[in-house]
Every structure is written in structure tokens, then in C-alpha cells.
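Below is one structure; the comments refer to it alone.
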Amino acid sequence: MISPTLGGGVGRYSGLHGMIGDQLLSARVVIANGSIVTASARQNPELFWALRGAGSNFGVVTEATYQVYDLTSPTITNADYAFSPNASGAIFDWMAAFGDATPAELAILLFGNYDTTKGDLSLWLNVVYAGRQSAVQPLLNSLLAEVTPYRQNISEVPWNKMLYTNFFGVVPNAEAGCAGKGTNRSVYGGALKSYEKAAWNGFVANFSDFLRANEDARGSIFFIEQFSKVKVLQIPDDETAYPWRDVTAHLLWNYGWHKDETLATIERYGKHWRDKLQAFSGFSPQEIYVNYGHGDESSEVLYGAKKLPKLRRLKQIWDPKNVFGFYDSFVKRG
Ligand SMILES: Cc1cc2nc3c(=O)[nH]c(=O)nc-3n(C[C@H](O)[C@H](O)[C@H](O)COP(=O)(O)OP(=O)(O)OC[C@H]3O[C@@H](n4cnc5c(N)ncnc54)[C@H](O)[C@@H]3O)c2cc1C
């Protein structure tokens with residue numbers, strides 16, 4: 001829980017309540033000189049600001065207090081669909097049509113993985129709606145009028161059963177080994193303001209070819225997470241260090257492989273598509289959620305040029321020797 005918080009924390013309830021980091025009320029932090037401090041709106045407020053978006057650069061959080069909420073709705077609606085890759089155009093059109101107006105209760109996750117039973121890429125679409133099926137069904141029908149899934153399931157479940165119901169109640173890539181023991185992983189991220197359908201169709205077709213051609217890389221997956229930003233945008237941008245409140249959808253490429261010699265292929269492929277799709281993301285300059293970063297991005301891409309001067313000033317105060325600079329420090333990157 002705390003690591004997502006420190007980078008910002010995106011999730012299915014972002015539309016209703018904001019990011020996970022927005023829920024942090026206070027944190028106990030072991031800082032670089034070894035002492036323990038509290039960061040909150042009243043105590044060390046600038047450190048508190050930095051913790052929510054760039055937190056791993058400032059200390060070790062040992063305790064955190066969060067805002068919690070009354071239950072939004074006793075049940076959620078979970079809808080899962082599995083499609084063949086040629087459905088991608090219709091799916092991207094459907095996701096794009098929400099634009100900046102994804103309803104606060106709605107969370108869409110598109111997941112692409114190698115399906116061993118089909119010997120090809122499968123597209124798994126998971127839609128979670130914090131409310132009754134009757135409210136979300138018309139939105140789903142507009143997609144189903146265009147394209148037919150080869151497998152589907154829709155149900156209302158108690159909110160705390162959501163994670164066990166998603167994706168037909170299985171981890172879809174487990175068979176391919178991505179979630180399995182001993183799988184190496186390499187992560188690349190991206191962010192979308194808008195969808196460029198032709199570019200995405202091109203990626204889906206290419207990813208399908210890539211997985212068919214590279215058996216050892218078949219544990220690789222990609223996610224597109226389109227979580228509503230209704231509440232995220234209501235929180236003033238300068239309230240936290242998190243820089244990318246205007247993102248419509250986050251991308252996560254999670255490559256999985258076993259043999260050392262596959263790494264070079266994955267690194268080449270991962271960088272190529274991260275950079276290629278960035279050109280169609282609607283964002284210039286590039287924006288990447290720090291927790292989805294690969295490690296070679298510039299500080300501007302991960303933290304935003306606007307936030308960097310304040311972050312660098314605070315780093316001089318709280319960690320002048322860059323003790324917490326191993327993972328993604330904007331000091332090390334310069
Ligand atoms: C498959 C997958 C799905 C994901 N889904 C989501 C998602 O839905 N939403 C989301 O927001 N993120 C998501 N993430 C990203 C996730 O937020 C990061 O991977 C997270 O930072 C991992 O935390 P960790 O503690 O496991 O990793 P680590 O690599 O151990 O930690 C990540 C960074 O946080 C620092 N850190 C860890 N603990 C502390 C601490 N107590 N105090 C200070 N610094 C600390 C580490 O030093 C490091 O810099 C996902 C990642 C993957 C791989």
C-alpha cells in the first residue's frame with residue numbers, strides 16, 4: 001500500500017475519491033539523518049507534499065494514516081470480456097469515446113496476454129462499476145453492439161469480492177508464467193491523453209507477432225488502465241508532488257521472460273513501443289507515472305518540470321547526501 005501511495009497511487013476508486021496518495025493524512029518517516037519525523041498538513045507540510053508523488057526520495061515511511069470513506073455502494077458490478085486481437089479497433093473506439101468524461105464510478109482495464117489455448121494474443125476487458133448493473137449496462141451495450149467476445153461474465157458482487165471476481169476470477173497470465181515463480185520482469189510505462197486508434201491497432205498486431213515469435217517472452221502482458229479522473233482533477237495540482245492529474249489512461253507493459261538471452265530483445269522492444277506510442281499519446285512532453293517507470297526516463301518525464309524546482313529544494317533540506325537515491329532520484333539524474 002505505501003509504495004503506490006508514495007508515487008501517487010492510481011486505482012479503481014480514483015474517480016470517486018482521488019488517488020491513494022490523496023488519502024494520506026500523515027506519515028511517520030525515518031529521514032536521512034536517522035531521526036524520525038511526522039509529516040502531515042500541520043507537521044512538516046512541505047515534506048508531506050513531497051511524499052505524495054515523489055516519496056521514495058525522502059525517507060522510509062514506517063507508519064501511515066489514511067482517510068477512509070463510508071461504503072459507496074454495497075455491491076459493485078464486475079464485467080469481464082475476452083476478445084480476439086481483431087476486436088481492438090472497436091475496443092479503443094469505445095474507450096476513447098469516454099474522453100475526459102469517464103463516469104466517476106467507472107474503471108476500465110484492458111489487458112493483453114498470450115493465451116496458450118489459442119496460441120495467440122487475447123484481449124481481456126475488465127469493467128468495474130461502483131453501482132448496479134442496470135446503470136452500467138447501457139454503456140456496455142454500446143461496445144457489445146460493435147464486437148462479440150468469445151467469453152463473458154457479468155455479475156454484481158460485494159465490493160470486497162471485486163479482486164477475486166475480476167478477469168473471470170483467474171490471473172489470466174499465470175499460465176504463461178508472468179506471475180509464476182522465477183519469471184524475470186521488465187516494466188515500461190506510458191500515459192495517454194487520447195487514443196490514436198491506428199497506432200494502437202498497429203501495436204496490438206505487432207505485440208501478437210512478438211509473442212508468437214518469442215516463446216520465452218510469452219509471460220509478457222500490457223495493461224491500459226482508464227480510471228475516472230473526476231475526483232483526481234478536483235484536487236488542486238499544487239496540493240501534492242504528483243504531477244499527472246490530467247492522464248486519461250495509464251499504460252503498463254510488464255514483460256516476463258526466463259532466459260538471459262531474451263532480455264536484449266525485450267529491452268529493444270519495450271523501449272521502441274514506449275517511445276513510438278508516446279508520439280500518439282496526446283501528451284508532449286511525455287508524462288509517465290513514476291511507479292510505472294522503467295528507470296531510464298528523465299526526471300521531467302517522471303516528476304514534471306513544474307514540480308522539479310521545489311522537489312530539488314526540499315531534497316537539499318531533507319536528504320542533501322541523496323541517501324534515498326537508488327531507485328528514481330531526481331538528484332542523481334540531474
Ligand atoms: C502488475 C502491476 C500492477 C500495478 N498496479 C498498480 C495500480 O493499480 N496502481 C498503482 O498506483 N500502482 C500500480 N503498480 C505500481 C506499483 O505502485 C509499484 O510497482 C510500487 O511502487 C511497488 O511497490 P513495492 O514496494 O512492491 O516495490 P519496491 O520496488 O520495493 O518499491 C518501490 C519504491 O518505493 C520505495 N519504497 C518502498 N517501501 C517504502 C517505504 N516504506 N518508505 C519509503 N519508500 C519505500 C522503494 O525504495 C522504491 O523506491 C503496479 C505494478 C505492477 C507490476
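Assorted remarks:
- In the chain, taking the dipole from charged Cβ atoms about the Cα centre, the farthest positive-side position among N214, L51, M95 is held by L51.
- Probe 1.4 Å - accessible area at Y269, Å² to nearest ten: 20 Å²
- Cα-based reach from K229 at 23 Å (exclusive), listing lysines while leaving out same-chain residues under 8 positions away: K193, K197, K306, K307
- Sequence-distant residues sharing a close amide H with A191 (under 5 Å, placed H): L251, E287
- Cβ-based net charge around A101, under 14 Å, with every Lys or Arg adding one and every Asp or Glu removing one: 0
- The HN-Hα couplings worked out from phi for segment 200-209 by the Karplus form 6.51 cos²θ - 1.76 cosθ + 1.60 (θ = phi - 60°) are 6, 4, x, 5, 4, 5, 5, 5, 4, 4 Hz, whole numbers, x standing for Gly and Pro.
- Partner lysines for K310 [C-alpha distance under 23 Å; skip if fewer than 8 residues away on the same chain]: K321, K332
- Using θ = phi - 60° and Karplus 6.51 cos²θ - 1.76 cosθ + 1.60, couplings along segment 242-250 (whole Hz; Gly, Pro as x): 4, x, 10, 5, 8, 5, 7, 8, 9
- For the chain, the residue among P285, T248, P158 whose Cα projects farthest onto the positive side of the dipole built from Cβ charges is P285.
- Sequence-distant residues sharing a close amide H with G18 (under 5 Å, placed H): K231, V232
- Taking the Cα centre of the chain as reference, the dipole from Cβ charges on Lys and Arg (+1) and Asp and Glu (-1) amounts to some 720 debye.
- The string of couplings for segment 223-235 from the Karplus curve (6.51, -1.76, 1.60, θ = phi - 60°) is 10, 10, 10, 10, 9, 4, 10, 3, 6, 4, 7, 6, 8 Hz, one whole number per residue in order, with x for Gly and Pro.
- Between S155 and V30, the modelled label-to-label distance comes to 4.3 nm, taking each label 7 Å out from Cα in the direction of the beta carbon.
- In this calculation the C-beta distance from H272 to T116 is compared with R0 = 35 Å, giving a FRET efficiency of 0.85.
- For the chain, the relative contact order is 23 percent, taking Cα pairs closer than 8 Å that sit 6 or more residues apart in sequence and dividing their mean separation by the residue count.
- The value obtained for segment 75-291, namely the Cα convex hull volume divided by the number of residues, is 129 Å³ per residue.
- Mean residue ellipticity (222 nm) of the chain, computed from DSSP H runs ≥ 4 via -39,500 (n - 2.57), nearest 500: -9000 deg cm²/dmol
- For the pair V37 and Q133, label points projected 7 Å from Cα toward Cβ lie 5.3 nm apart.
The values are calculated or read from the model by the stated rules, or taken from the named source; none is laboratory data. Note that this is a predicted model, so its numbers are computed, not measured. Methodologically, a virtual Cβ is constructed for each residue, glycine included, from the backbone with ideal geometry; neighbour enumeration extends over all protein chains shown. Ligands, DNA and RNA are stripped out before the accessible areas are found, and what is left, the full protein with its side chains, is counted by its heavy atoms. Shrake-Rupley method; radii C 1.70, N 1.55, O 1.52, S 1.80 Å.
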